[in-house]
Amino acid sequence: MNSIAVYGGLFLEGLLSFFTPCVLPLVPLYVGYLTQETKSTDAEGNIVYDRKRTLFLTAGFVLGICTVFVLAALGSGFLHTFFTSHSLQFMLAGGFFLILMGLYSANIIQIPLLSKLQRGGGPIKGSMTFAKAWLTGFLFSFAWSPCIGPMLAQAILTASSLESTGSGYLAIACYALGFILIFLLLGLFTGTVLGLLKKYRNVVRYTGIAASAAVFGMGCWMLYQAHQEITVLQNGKQSETAADVTGDTEIDKYNFTLNDIEGKPVSLNAYKGKTVLLNFFGTWCYYCKEELPALQKVHESKEAAVLLVAAPGVNGEGSAEEVDQWMKDNGYTMPVVYDYSLSVTGSFGISGYPTTFIIKPDGSFLGYVPGYMPEEQMNELIGKAKEQ
């Protein structure tokens, strides 16, 4: 896993969390609440803010937010187990919730609880101090958690999958920095920002619409991911039912023998006892090319055995020699067998590329994924295949 990509991705997730509809529309309210005692009027009648005190209180506010993230990181082991075991329910609930939040932020639907929160003031009365600013940030983090929860949960899952505890905390820190960065900038340039928000209300309105669309899109993506997982689970159950009838495992029922580029026969049931990713692909297929780097990582890590099936001469595919040369040119070392007659492709019911079957060590099928499979989903399914 590329560390820079991981940490940079989490930083961007934190930035995106700031623009969710539970946070962005309420920023003027929160900033105004924190700075109500730091503003004054200059000789020309303009409102000015004490920058040092504003930044001081903002620092307390973001520290309160970070406290919640740290607490989440401390429980990342438990949370990782919880989210992994309930990943499907989480994706379904999170997807529907984000869609609702997107529709709410665009004023397409109304949610009374959130409307009440927008009309209300801050939760802490009296003069603002650093401690109260910290408590405000701490409390507001919980108010935001239903909306930023899916992205925070993803950050926690990523952090808990890293090699060391220190790397995990650094990952959470990158997410937190992305989330609080704009708050810190608001603390530095409060007067300017509030003035711009007031002056360019129309621009802010369109920014809110764009944020709503982004959150709605994220919800749809989560539902799509859930659909993919449901497909895998359903296919796995169908395969297990068929195996119960015949008394054989799927690897026996669907066993085949195809030759590799050197003409050596390779049988599927020779992989019994291993977790296997059986991938039907084409060198002409765009999504196959997108998926192959992740499959190569699995092959090199030996987390699972990878077996590729190519069909020379089909849909513009080249000869076996051309496929072999293409694999070498792109640095892929995964074993490839060649289905010239399409008999194996037909017996597996392949209707499109790529298609990946996940085979458990006992020879039964966990299921299959039609179409492109993201690396995260691939690793998750490998883990599930090993557990069962």
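Label-to-label distance for Trp221 and Lys264 is 4.2 nm, based on points extended 7 Å past Cα in the beta-carbon direction. Once the Cβ-Cβ distance of Leu12 and Gln89 is raised to the sixth power relative to R0 = 25 Å, the FRET efficiency obtained is 0.45. The distance between label points at Leu63 and Asp362 comes to 5.4 nm (points 7 Å beyond Cα on the Cα→Cβ vector).
Across segment 176-183, coupling constants 3J(HN,Hα) worked out from phi with the 6.51/-1.76/1.60 Karplus curve, θ = phi - 60°, read 4, 4, x, 6, 8, 4, 5, 4 Hz, and Gly and Pro carry x. Computed extension gain for Ile4 through Ser347, at 0.36 nm per residue and net of the alpha carbon distance, reaches 119.2 nm. Shown in residue order for segment 354-370 are the 3J(HN,Hα) couplings computed by the Karplus curve 6.51 cos²θ - 1.76 cosθ + 1.60 at θ = phi - 60°: x, 9, 10, 9, 9, 10, 7, x, 7, x, 8, 8, 5, x, 9, 10, x Hz (x for Gly and Pro). Extension gain, Glu303 to Asp252, is 16.1 nm, computed as 0.36 nm per intervening residue step minus the present C-alpha separation. Taking every C-alpha pair closer than 8 Å and separated by at least 6 residues, the mean separation divided by the residue count of segment 253-388 gives a relative contact order of 31 percent.
Shown in residue order for segment 12-18 are the 3J(HN,Hα) couplings computed by the Karplus curve 6.51 cos²θ - 1.76 cosθ + 1.60 at θ = phi - 60°: 5, 4, x, 4, 5, 4, 4 Hz (x for Gly and Pro). Placing dummy labels 7 Å off each Cα toward the beta-carbon, the span from Val70 to Asn330 is 4.6 nm.
Past 20 Å, Cα to Cα, is the threshold; run Lys272/Lys302; Lys289/Lys386; Lys253/Lys384; Lys272/Lys386; Lys289/Lys360 against it and keep the listed order.
Numbers: Lys272/Lys302 15 Å; Lys289/Lys386 26 Å; Lys253/Lys384 22 Å; Lys272/Lys386 13 Å; Lys289/Lys360 25 Å.
Check vs 20 Å cut-off fails for Lys289/Lys386; Lys253/Lys384; Lys289/Lys360.
The distance linking segment 248-266 with segment 338-358 is 12 Å (Cα centroid to Cα centroid, whole angstrom). Once backbone amide H atoms are built at 1.01 Å from N, Gly367 has Ile358 as its partners under 5 Å, excluding neighbours fewer than 5 places away on the same chain.
In segment 311-339, which residues have a backbone nitrogen under 14 Å from the label point lying 7 Å from Lys274's Cα in the Cα-to-Cβ direction? Answer for segment 311-339: 333-337.
Where a number appears in this text, it was derived from the coordinates with a stated rule and is not lab data. Worth saying up front: this structure is predicted, and the values here are computed from it rather than measured. Note: ideal-geometry Cβ built from the backbone for every residue, glycine included; neighbour counts use all protein chains shown.
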